[in-house]
Amino acid sequence: MISKTELQYYSSLLTKKHRKAEKKFLAEGIKSVHEGINSNYDCELIFITNKFAEQYVDAYGKLTRLKKKIVSLKQKEFDKISDTETPPGIAALFVKPKLEFSPKQFSDEKIIVMLDNISDPGNLGTIIRNCDWFGVKNIFLSENIVDYTNPKVIRSSMGSVFHVKIFENISTDHLKDLKLIGFEILCADIEGENVFTFRSENKKIIIFSSEAHGPSSEIEKLSDKKICIPKIGNAESLNVASASAVMLAQLTK
């Protein structure tokens with residue numbers, strides 16, 4: 001059972017304002033919940049519907065053995081905490097980790113991804129998933145970006161948000177500190193050097209931004225080089241999530 005007040009509290013986490021205040025967020029779907037539970041994130045609560053328990057007997061059985069608090073909701077109740085048109089019947093409440101920035105912790109990293117001026121949650125989630133695929137362990141987010149605990153970001157990352165470390169509110173001062181320990185800053189830009197012929201043995205921070213607006217002027221000025229995917233056809237631009245996959249495939253070889 002769950003009270004109306006509790007349900008109202010959990011449903012409030014669908015908004016950025018309340019997620020930020022509470023430092024908690026919801027993840028929906030079997031895949032996201034499974035990845036979250038098996039990560040370093042603290043899972044406070046699991047929500048399921050009776051229909052889910054009946055349809056996924058094995059999955060429900062595994063959940064009951066996790067020693068996590070499980071709350072059964074009616075479908076109408078679950079709909080209020082869901083961000084999807086067809087709610088999956090399972091969700092979990094996670095505590096957002098607090099990560100402290102220290103240049104020394106990145107001294108052994110070969111490549112870090114920084115994201116700036118990205119407002120589309122689907123793009124952010126896909127880029128996080130791409131980073132996870134190519135072994136990028138640390139992701140920097142500027143202040144000008146969609147909240148990574150947005151339900152659409154969590155969903156489109158397919159659980160990868162739980163596999164990487166995501167540092168928020170990274171500024172040019174942070175980047176300058178990393179340049180002092182040997183990192184070069186690469187900015188993905190349509191007018192940059194061909195990524196397929198680009199060569200560098202330096203540790204790298206690759207910056208991806210909206211194809212419409214590009215990075216902030218402060219970050220662009222700080223970059224050491226610009227790199228691009230050469231254009232062959234007639235498309236005006238390449239989606240930033242697609243571009244990140246191509247570039248990371250090349251830069252992480």
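Read-outs throughout are calculated quantities, based only on the coordinates presented, and are distinct from any laboratory measurement. Because the structure is predicted, anything quoted here is derived from the model rather than measured.
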The range 178-198 and the range 85-155: distance between their alpha carbon centers, rounded to Å: 21 Å
Amide H contacts under 5 Å for V136, placed H, 5+ residues apart: none
Cα-based Rg / Dmax (Å) for the chain: 19.9, 60
The range 168-207 shape via C-alpha gyration tensor axes, a/c threshold 1.5: oblate
Linear extension gain, N202 paired with D108, 0.36 nm per residue minus alpha-carbon span: 32.7 nm
For the range 71-84, 3J(HN,Hα) per residue [Karplus equation, 6.51 cos²θ - 1.76 cosθ + 1.60, θ = phi - 60°, Hz, x = Gly/Pro]: 10, 8, 10, 6, 4, 5, 6, 5, 4, 6, 9, 9, 10, 10
For the range 119-253: rounded, prolate or oblate by the Cα gyration tensor [a/c cutoff 1.5]: rounded
Amide proton proximity set for K203, modelled H, under 5 Å, gap of 5+: E184
Antiparallel content of DSSP bridges confined to the chain, in %, to 5: 30 percent
In sequence order, calculated HN-Hα J values of the range 146-157 (Karplus, 6.51, -1.76, 1.60; Hz; x Gly/Pro): 5, 4, 6, 8, 4, x, 5, 5, 4, 5, 6, 6
Largest-first principal axis extents, alpha carbons of the range 21-90, Å: 29, 29, 18
